[in-house]
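Trainee: The following block contains the structure, expressed as structure tokens.
The values are calculated or read from the model by the stated rules, or taken from the named source; none is laboratory data. From a predicted model like this one, the values you see are computed outputs, not experimental measurements. Every residue, glycine among them, receives a Cβ derived from its backbone with ideal geometry; neighbour counts consider all protein chains shown. Quick note on the areas: whole protein, heavy atoms, side chains included, nothing else; ligands and nucleic acids left out. Shrake-Rupley method; radii C 1.70, N 1.55, O 1.52, S 1.80 Å.
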Amino acid sequence: MKKILIALAIILAPFAVEAQIKTPQASPKGYIKQTVGLTDVEVTYSRPGARGRAVFGNLVPFGKLWRTGANENTIINFGDDVVIDGKTLKKGKYSIYTIPKIESWEVIFYLSTDNWGLPENWSDAYVALRTTVKEDGLPTPVETFTIGINGLEQNSAYLEMAWENSHISLKFEVPTAKIATASIKKTLAGPTWNDYYAASQYLFQSNGDMISAREYVDKALELSTDKPYYLSRLKSLIQAKQGDKAGAIETAKISLAASEAANNQDYVKMNKDSISEWSR
């Protein structure tokens, strides 16, 4: 009997998988990705519909904490620090909770983002930022809860929410000038030692132009303050490939001393092995 049941389960298993029913969600997922200035902003949320129901003051009570959507948390992700109402909100993910009122909404950015609806245990310690926004009435009702990022400027935009006859628009500022200035300074200052190291490493590993590889690694060593052991290691390998074994041994000794100081045993062994090989 047991063998018959096992065989029957094996036969029916594919049909069970194929028989899974797909149905649309009552509150479908919505997703927004918007670049504001040089900052990426993403919002993921569920979009309930009014479906003939009175929303604010009924389905969503006034003065009570609301999940700001349906189902899982509504999550916003800022790619850089932003400023809201004069307060800095660090880059990263936040769930958005709101407290709708007749003339204003409280908007709360909350650190915990893995809740279904409201947190089981609310903690003010998780409130990253809280602000109040004026509520604007809408002349035409919005059937489905909608979040948007509009009013785009180089240094700011508005996080907007609309449902039924209610609408709010929350301004946030992005550090476009700071990012652009840093990028300009970095570019005009020229390549860093790490850029030269990456170029040299590529040429060495791809059996490219060893003269350029040597030039780049020397430049990296010149610009680097700490002279990391892996820079000297790369130079010694390039020297060996160029046939300069005496120079490779001297450079490997420098890398060996630096790797011993850093307690990197992998590089200690590699340098010792190379010195031994090149000394034959």
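Trainee: With respect to residue 273, determine if the residue is out of contact with any strand residue (DSSP E or B) (no Cβ under 9 Å at 6 or more places or on another chain) and loosely packed, with under 14 Cβ neighbours inside 10 Å.
Mentor: When the stated conditions are applied, residue 273 passes them.
Trainee: Any idea which residue in region 96-107 is least open to solvent (accessible area, probe 1.4 Å), counting only those that are touching a Phe, Trp or Tyr at 6+ places or on another chain (Cβ under 8 Å) and either outside any strand (DSSP E or B) or without any contact (Cβ under 8 Å) to a residue 24 or more places away in the chain (or both)?
Mentor: Out of the qualifying residues, it is 101.
Trainee: So which residues in region 149-166 are assigned to a strand (DSSP E or B), farther than 17 Å from residue 70 by Cβ and either out of contact with any Gly (no Cβ under 7 Å at 6 or more places or on another chain) or open to solvent by 50 Å² or more (accessible area, probe 1.4 Å) (or both)?
Mentor: Residues satisfying the conditions are 149, 150, 156, 158, 159, 165.
Trainee: In region 113-140, how many residues are of a type in the set (Val, Ile, Thr), outside any loop (DSSP other than H, G, I, E, B) and touching a residue at least 12 places away in the same chain (Cβ under 8 Å)?
Mentor: Number of matching residues: 4.
Trainee: On the given criteria, is residue 225 among the β-branched types (Val, Ile, Thr), out of contact with any Gly (no Cβ under 8 Å at 6 or more places or on another chain), under 22 Å from residue 194 (Cα atoms) and surrounded by fewer than 17 Cβ atoms within 10 Å (Cβ to Cβ)?
Mentor: Yes.
Trainee: Taking the residues in region 56-95 that are polar (S, T, N, Q) and either part of a strand (DSSP E or B) or outside the structural domain of residue 149 (by the TED database) (or both) as candidates, determine which candidate is farthest from residue 177 (Cα to Cα).
Mentor: Restricting to residues being polar (S, T, N, Q) and either part of a strand (DSSP E or B) or outside the structural domain of residue 149 (by the TED database) (or both), the top hit is 95.
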